[in-house]
Amino acid sequence: MAESRDLLTREQRSRNMSKIRGKNTKPELLVRRLLHARGYRYRLHGQSGAVKLPGRPDLVFAGRRKVIFVNGCFWHFHHCKAGQHAPAANAEFWEAKRTRTRERDALQREQLAAAGWEVLTVWECQLKDTSVLEDRLTAFLESGKD
């Protein structure tokens, strides 16, 4: 099989990649708006007071010992169609990068669980039906309450 080459120059690819956000993404902002409208308050990006949590969760509910990650399907190798899309250009690089991300995510979830935190991952593909998403978020945050 012939190796596929990138159609962009190294500088063009670098410029494109630099525009991709890691924090305050549209999916994350949607989840934050939904929860805030329901009266939930949270800390952002892995802070629980002075303690930095493994993986820097997008939303931290310290009093509940719960965290939420809002993950992009492609970047975190979700099993949906978008997550399974394999870039043709530089395929080996992307396969290795996304596999490392998946492994790192699993390790961080284990570390959080070992420290007594409950974890919910919201995938980008799950944002289409906001009523289902709201129910899922509320069920997660209210579970285990007396």
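The values are calculated or read from the model by the stated rules, or taken from the named source; none is laboratory data. Just so it is clear, the structure is predicted and the values come from calculations on it, not from any experiment. So basically every Cβ, Gly included, is an ideal-geometry build from the backbone, and we count neighbours across all protein chains shown.
Brief remarks follow.
- The set of residues in segment 37-78 that are among the hydrophobic types (A, V, I, L, M, F, W, C), farther than 16 Å from V122 by Cα and in contact with a Gly (Cβ under 8 Å, 6 or more places away or on another chain) comprises L53, A62.
- Single residue of segment 106-131 satisfying the filter (among the polar types (S, T, N, Q) and within 19 Å of K26 (Cβ to Cβ)) that is surrounded by the fewest Cβ atoms within 10 Å (Cβ to Cβ): S131
To keep it simple, each residue is scored yes or no on (1) part of a helix (DSSP H, G or I); (2) free of Cβ contacts under 8 Å to residues at least 24 places away in the same chain.
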residue	(1), (2)
E95	yes, yes
E103	yes, yes
R109	yes, no
G116	no, no
V122	no, no
Q126	yes, yes
L133	yes, no
L137	yes, no
L141	yes, no
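- When segment 33-86 is filtered for residues that are among the aliphatic types (A, V, I, L, M), surrounded by fewer than 19 Cβ atoms within 10 Å (Cβ to Cβ) and either part of a loop (DSSP other than H, G, I, E, B) or modelled with pLDDT under 85 (or both), the ones remaining, listed by number, are A50, V51, A82, A86.
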